[in-house]
Amino acid sequence: MTISRILALLAAASLGLLLSVSLVPWSRALLPRLPAPIKIAESPVVVSIEDLAGESWPWPRLDLTLALRAISLYRPDPVGLLLPLDASDTLEPVQDDQLARAFAAFSPPALPATTFPSLAETEKISLLRIPHRGSIESLRPAESFLAPEESLRKSSTLAAWKVTPEANGELRRLPLVFRQEHEVIPSWLLVMYAQALGADLPHSELQGRQLILRDRQDVPLQTIPLDLRGSVPIDWGHPDVFPSKMEIRGVVLAAEQERIGVKPYYDLKSLSQKPVIVAGGLAEVDPIIDSPIGKRSLAEAVVRAWSGLSNGPQPVLHPPSWVILGTLLIASALGLSSGNRGRVCLFEGLALSGLVFGAGWIAAKTAGYSGALPLAMGSFLATLLAPKLNHWMEARHVR
């Protein structure tokens, strides 16, 4: 009899775990977001290079230089380029120097340094560091970089950037931090978001799996939960509306029209004190990504993740394994205690699953833990199955 009860306990807990794992895609269902930051970071405006379609790659840097000079009059902040600028302009190398001078008009614009596995021929670059506590071994490594062209680094901020789709090819998360040797370094997205928020990354801290953003006076601005890889989810659930978008040559045209007093093609005054992302729309520099709502651009994924952080980040941490297993074993033991009284077992299952979901809701609100619904459903199933499995084993003398 004792063996039957032990086997029933383990089998019910295992089946509850199987159900919980199958419900992982709904791990954030019915859970609240974490508090929004004290200062809301405005949604960025995207300046696309799609109207350069047809130009040979690498396309002339002159267009980018003229666009940056045009928008500099309106003091956008921050400015980031989501473009690979690792090679010099082969047609007019002097344009790299002109582009570097255009950078000087902004508080250092953020340039992505694409991360690669550590190779002997790649250049090692030391990037901005974030203080941390706890183990960082599970974070994405970023030991070497395909860095921007040398003349562009002097007046810009370099940040690690590597995007990894899920196993099915969809992009559901974007990295906020990487690991470089034994240090934590920010991603391109985090550098941009922190500047817009007024956070100072050297004064911020990664505590376990929670990133605490602070300003220069060490005042906490926002707490962001990260997954084990150091990423945040992309909010693909809200209506499919692309953010404010301009095209690079249209920006240059609008600046000239304003200069001569003609109604401009774009209202460049709307860029004042707003984040601006200069991004690709061409397959050569901005490959289209798969998402739960179809083919999208990487720039849209960045803006959606940004909006999610501004509205209050979604819970992303999963409970520790000992919490999951302990909850399922308690649920199985509770079911066995009810014996063959089916109604009592049902009420006990409902009460325990409600308690588990309530505790998970509080953990999501305060610490960013997800998985309340899957664990609640798994514990409910384990409670119901444990007495039935035990009765079946005893009735058929299963040993």
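Miscellaneous remarks
- Within the shell of other residues whose beta carbon sits under 15 angstrom from the beta carbon of Gly342, the net charge comes to +2, with Lys and Arg scored +1 and Asp and Glu -1.
- Restricting the calculation to alpha carbons of region 262-399 gives Rg and Dmax of 25.3, 91 angstrom.
- Residue order, fewest to most surrounding Cβ atoms within 10 angstrom, among Lys263, Lys365: Lys263, Lys365
- Total formal charge among the other residues, if their Cβ is under 14 angstrom from that of Ile40, Lys/Arg +1 and Asp/Glu -1: +2
- Whole-Hz Karplus values for region 136-146 come out as 10, 5, 7, 5, 4, x, 9, 8, 9, 9, 8 Hz, taken residue by residue from phi with 6.51 cos²θ - 1.76 cosθ + 1.60 and θ = phi - 60°; glycine and proline positions read x.
- The mean sequence distance of close C-alpha pairs (under 8 Å, at least 6 residues apart), as a share of the length of the chain, puts its relative contact order at 29 percent.
- Sequence-distant residues sharing a close amide H with Ser144 (under 5 Å, placed H): Phe116
- Where only DSSP H runs of four or more residues are counted, the chain gives -12500 deg cm²/dmol as its mean residue ellipticity at 222 nm, each run worth -39500 (n - 2.57).
- Cα-based helix-to-principal-axis angle, 2-22 vs the chain, degrees rounded to 10: 20
- When +1 charges are put on Lys and Arg Cβ atoms and -1 charges on Asp and Glu Cβ atoms, the dipole computed for region 45-310 relative to its Cα centre reaches about 780 debye.
- Phi angles of region 362-370 translate, via the Karplus equation with coefficients 6.51, -1.76, 1.60 and θ = phi - 60°, into HN-Hα couplings of 5, 5, 5, 6, 9, 10, x, 7, 10 Hz per residue; Gly and Pro are given as x.
- Computed from point charges on the beta carbon alone (+1 for Lys and Arg, -1 for Asp and Glu), the dipole magnitude for region 74-114 about its Cα centre is near 220 Debye.
- Degrees between helix 321-337 axis and first principal axis of the chain (Cα, 0 to 90, nearest 10): 30
- Close amide H partners of Glu170, meaning residues 5 or more places away or on another chain with modelled amide H under 5 Å apart, do not exist here.
- Ranked list, fewest to most other Cβ atoms within 10 Å of each Cβ, for Leu389, Leu211, Leu268, Leu228: Leu228, Leu268, Leu389, Leu211
- Around the amide H of Leu221, modelled in the peptide plane, lie the amide H atoms of Leu213, Arg214, Asp215, all under 5 Å away and 5 or more residues distant in sequence or on another chain.
- Helix 298-310 and the longest principal axis of the Cα set of the chain meet at an angle near 60°.
- Considering only Cys345, Leu190, Leu228, the residue lying farthest towards the positive end of the dipole of the chain is Cys345, judged by Cα position with unit charges set on Cβ.
- Region 36-43 - phi-based ³J(HN,Hα) in whole Hz, Karplus 6.51/-1.76/1.60, Gly and Pro as x: 5, x, 4, 10, 6, 7, 5, 5
- Relative packing of 356-362, 202-208, 377-383, which averages over residues the other C-beta atoms within 10 Å, highest first: 377-383, 356-362, 202-208
No lab work stands behind these numbers, since they all come straight from the coordinates. Since the structure is predicted, the reported quantities are computational estimates derived from the model, not experimental observations. Cβ sites come from the backbone with ideal geometry, for glycine too, and all protein chains shown count toward neighbours.
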